[in-house]
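The values are calculated or read from the model by the stated rules, or taken from the named source; none is laboratory data. These numbers were taken from a predicted model, which means no experiment stands behind them. Neighbour counts are summed over all protein chains in view; Cβ atoms, including those assigned to glycine, are modelled from backbone coordinates with ideal geometry. We work out accessible area using only protein heavy atoms, side chains counted, and drop any ligands, DNA or RNA first. Shrake-Rupley method; radii C 1.70, N 1.55, O 1.52, S 1.80 Å.
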Amino acid sequence: MPQHAVIMGAGLAGSLMACYLARAGWRVDVYEGRPDPRSKGFIGGRSINLALSARGIDALAQVDLDQRVLRDATPMPGRMLHSKTGQLTFQPYSRDKKNVINSVSRGGLNITLLEAADEFDQVKLHFGQSCTEVNLREGIATLTDANDQASKTPECDLLIGADGAFSSVRKGMTLEPGFSHSVSYIDHGYKELEIPALANGAYAMDSDALHIWPHGESMMIALPNQDGTFTCTLFWPWDGPISFNAIQKAEDVQPLFQQHFQDAVPLMPDLTEQYMENPTSCLQTIRCGPWNFGDKVVLIGDSAHAIVPFFGQGMNAAFEDCKVLMRHLDTSESIAVAIDGFYQEQKPNAEAIADLALRNFIEMRDTVRSPIFKIKKRCERVLHYLSKGRYQSLYEMVSFTTIPYAEVCQRDQRRQRILLTT
């Protein structure tokens, strides 16, 4: 008989994991606290636009969803830097023009993956069902539906926590002896804004780039959408002269933006309204372990390893989790062996990309403006060309290959040691 999985969370990782399991013959029940975004609309205003790159695409390809997703993506071959005076500098991500990252809408992608999961007869999607408690030994979750009526998930062979950074499944695991758990916050928060399309529907800026206003403590990025708009994300400290707390009233918005994002202000006619209405959220890194409990429960994606967004790898890492977990389930003699093997393989990679994402924050906001950084990038492109593609920069290995993150870090460390001794 097919085995039965219960997935908590119908976000990106949960929806994709359902597709993987269904293709392998599993019965799958997916429970989500939010309403169905396909009928109620995606709850926006809190989600950074996503950058889909090689390892995420590879994970989608394993279940024949890569081309379906890429149809709704906008390719970005490089970053466009905006100075305080509006001067533009384009920096390609790679000398190989095939190497691009793809801007995708979180809401649109979530709906695509939910639709794909719903096409399987053995997948059942349940919305408005919030997890309030987990029995780890039985692999059963207690739910509260939208009408405040308590219920429980059915018994299953495997309970998968894909319920995000504030995971209820992980919360249950924190009560168990031997489970380590840490949450660290950076001193910046983020707020989502939008640059609308022009009156004729065209983009207000170059759509072939990820736009960055890298002004030290004050940074903003913008990713293109297929409808001609840009999703902007403002990163500011919580406190200080340039910070979220520095704006106490609507009249404070325009002067601060004029000072730091001069060329963006004319492109956002409703900037003040957007700023005052859209929520401000925190940025955190979650490290925990083990991700599995006995032979019944496992965590994937942000539930296991939420990271800051500065390498554009959170979604890609979560999708890779789905691929690796399914491989272990397919090849292991038992579920217990599979989920432990998954954890042992993926934990070092989660630690590596968490560190790289924090490091890349410094690069994005400060280093990209440095003449030394520009020379380094030029040298890397020359080395890539002279080696006929065998030399790849750290960024290329992370974004354009499926080399495990931990191995990427090891390779980069070896290079640094060689450079220091020559």
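Hey, does segment 70-81 have a residue that's closer than 30 Å to residue 152 by Cα and not aliphatic (A, V, I, L, M)? No: zero hits. Taken over segment 146-187, the criterion of being open to solvent by less than 70 Å² (accessible area, probe 1.4 Å), assigned to a strand (DSSP E or B) and either closer than 24 Å to residue 26 by Cβ or in contact with a His (Cβ under 7 Å, 6 or more places away or on another chain) (or both) is satisfied by 151, 158, 159, 160, 161. Taking the conditions (1) surrounded by fewer than 18 Cβ atoms within 10 Å (Cβ to Cβ); (2) without any contact (Cβ under 8 Å) to a residue 40 or more places away in the chain; (3) closer than 29 Å to residue 205 by Cα; (4) not charged (D, E, K, R) in turn, residue 280 satisfies each one other than (2).
Yes/no matrix, rows are residues, columns are (1) touching a strand residue (DSSP E or B) at 6+ places or on another chain (Cβ under 9 Å); (2) within 20 Å of residue 221 (Cα to Cα):
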site	(1), (2)
250	no, no
258	no, yes
262	yes, yes
266	no, yes
269	no, yes
272	no, yes
276	no, yes
296	yes, no
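Does segment 328-350 contain any residue that is among the aromatic types (Phe, Trp, Tyr), assigned to a helix (DSSP H, G or I) and more than 23 Å from residue 5 (Cβ to Cβ)? Scanning segment 328-350, I find no residue that is among the aromatic types (Phe, Trp, Tyr), assigned to a helix (DSSP H, G or I) and more than 23 Å from residue 5 (Cβ to Cβ), so the answer is no. Candidates are the residues of segment 251-271 that are in a helix (DSSP H, G or I) and among the charged types (D, E, K, R); the one that is surrounded by the most Cβ atoms within 10 Å (Cβ to Cβ) is 252. Residues of segment 404-418 include none that is touching a His at 6+ places or on another chain (Cβ under 8 Å), open to solvent by 10 Å² or more (accessible area, probe 1.4 Å) and modelled with pLDDT under 95. Looking at the structure I just gave you, is residue 156 under 25 Å from the mean Cα position of the chain (by Cα), within 30 Å of residue 23 (Cα to Cα) and of a type outside the set (Asp, Glu)? So residue 156 fails the test.
Conditions (1) out of contact with any helix residue (DSSP H, G or I) (no Cβ under 6 Å at 6 or more places or on another chain); (2) at pLDDT below 95, marked per residue:
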{"residue": "129", "(1), (2)": "yes, yes"}
{"residue": "133", "(1), (2)": "yes, yes"}
{"residue": "140", "(1), (2)": "yes, yes"}
{"residue": "153", "(1), (2)": "yes, yes"}
{"residue": "177", "(1), (2)": "yes, yes"}
{"residue": "180", "(1), (2)": "yes, no"}
{"residue": "184", "(1), (2)": "yes, no"}
{"residue": "195", "(1), (2)": "no, no"}
{"residue": "208", "(1), (2)": "yes, yes"}
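Among all residues of segment 79-89, there is none that is crowded, with 16+ Cβ neighbours inside 10 Å and outside any strand (DSSP E or B).
Each residue in segment 322-350 was checked for being closer than 17 Å to residue 180 by Cα and among the charged types (D, E, K, R), and 2 pass. Restricting segment 92-124 to residues that are part of a loop (DSSP other than H, G, I, E, B) and among the small types (Gly, Ala, Ser), the residue that is least open to solvent (accessible area, probe 1.4 Å) is 94.
Please give the number of the condition residue 127 fails out of (1) surrounded by fewer than 18 Cβ atoms within 10 Å (Cβ to Cβ); (2) aromatic (Phe, Trp, Tyr); (3) under 30 Å from residue 233 (Cα atoms). Only one criterion in (1) surrounded by fewer than 18 Cβ atoms within 10 Å (Cβ to Cβ); (2) aromatic (Phe, Trp, Tyr); (3) under 30 Å from residue 233 (Cα atoms) is unmet by residue 127, namely (1).
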